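Enquirer: Below you will find the structure I want to go over with you.
The values are calculated or read from the model by the stated rules, or taken from the named source; none is laboratory data. In this text the structure is predicted, and so the values were computed from the model without any measurement. Cβ placement follows ideal geometry from the backbone for every residue including glycine, while neighbour counts extend to all protein chains displayed.
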Amino acid sequence: MGWKGTHKIVGKTPLEAAAAIVEDYQLSCSTIEFVSQISPLFSDQWCNIKALPGANRLLKHLKNHGVPMALASNSPRESIEAKISYHDGWKSSFSVIIGGDEVRTGKPSPDMFLEAAKRLSMEPSSCLVIEDSLPGVTAGKVAEMQVVAVPSLPKQSHLYTAADEVVNSLLDLRLEKWGLPPFEDLL
């Protein structure tokens, strides 16, 4: 993305991201009007979204080891399900899916992660959050969870100091460090 304000929208709710764009570009429409115009364009492109390197490997590995997983995103639940439907086996990998429209306050509030822990019947302190955004890292830490950051924006790793660990790729994740079964395949 070439827009200088990309960091202003990563990890935000769709409405917060739209408000930042409307403000930065001084658009003559309201945030709601902008969202209603742009949403169909995004929906048409979800089939083209590529998984991060290592994502399929991670999900398959954890599912095969019976590790309960939750997907928590500031996006509306309907959007999350539409997005993951294009990735074989993803929906069935998650025991819990929580959208920003299902909690009182989205990230950086801890509400979403605390609700995920509750639905998984787990203590927050025993949960590991793998997060690509600063609001998500903040939410995970406020929820008193362990957090591994995989920054979505290149050359931004230095901003993720609140995370317990920062990795450049899901391929660099060492699960055994977090009490999870290690990968059997060696990359």
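Enquirer: Here is a list: T6, T13. Which entry is touching a Gly at 6+ places or on another chain (Cβ under 8 Å) and at pLDDT below 75? Explain how you work it out, then say what you get.
Expert: Working: T6 fails: touching a Gly at 6+ places or on another chain (Cβ under 8 Å).
One residue alone meets the criteria, T13.
Enquirer: Can you find even one residue in region 173-187 that is touching a residue at least 40 places away in the same chain (Cβ under 8 Å), within 15 Å of the chain's Cα centre (by Cα), in a loop (DSSP other than H, G, I, E, B) and within 24 Å of K50 (Cβ to Cβ)?
Expert: Within region 173-187 (the criterion being touching a residue at least 40 places away in the same chain (Cβ under 8 Å), within 15 Å of the chain's Cα centre (by Cα), in a loop (DSSP other than H, G, I, E, B) and within 24 Å of K50 (Cβ to Cβ)), the answer is no, since none of the residues qualifies.
Enquirer: Restricting to region 85-105, name every residue that is part of a loop (DSSP other than H, G, I, E, B) and in contact with a strand residue (DSSP E or B) (Cβ under 8 Å, 6 or more places away or on another chain). Talk me through it step by step, then tell me what you get.
Expert: Of the residues in region 85-105, the ones part of a loop (DSSP other than H, G, I, E, B) are 85-89, 94-95, 103-105.
Passing the criteria: F94, S95.
Enquirer: (1) closer than 18 Å to V147 by Cα; (2) among the aromatic types (F, W, Y); (3) in contact with a Leu (Cβ under 9 Å, 6 or more places away or on another chain): which one isn't true of W90, the others all being true?
Expert: Looking at each condition in turn, W90 falls short on (1).
Yes/no per residue for (1) modelled with pLDDT of 95 or more; (2) of a type in the set (V, I, T); (3) within 20 Å of T13 (Cβ to Cβ); (4) surrounded by 20 or more Cβ atoms within 10 Å (Cβ to Cβ):
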| residue | (1), (2), (3), (4) |
| --- | --- |
| S85 | no, no, no, no |
| S109 | yes, no, yes, no |
| K118 | yes, no, no, no |
| H158 | no, no, no, no |
| L171 | yes, no, no, no |
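Enquirer: Shifting gears a bit: Restrict the check to region 158-175 and report whether at least one residue is within 17 Å of L114 (Cα to Cα) and of a type in the set (S, T, Y).
Expert: Looking through region 158-175, none of the residues is within 17 Å of L114 (Cα to Cα) and of a type in the set (S, T, Y).
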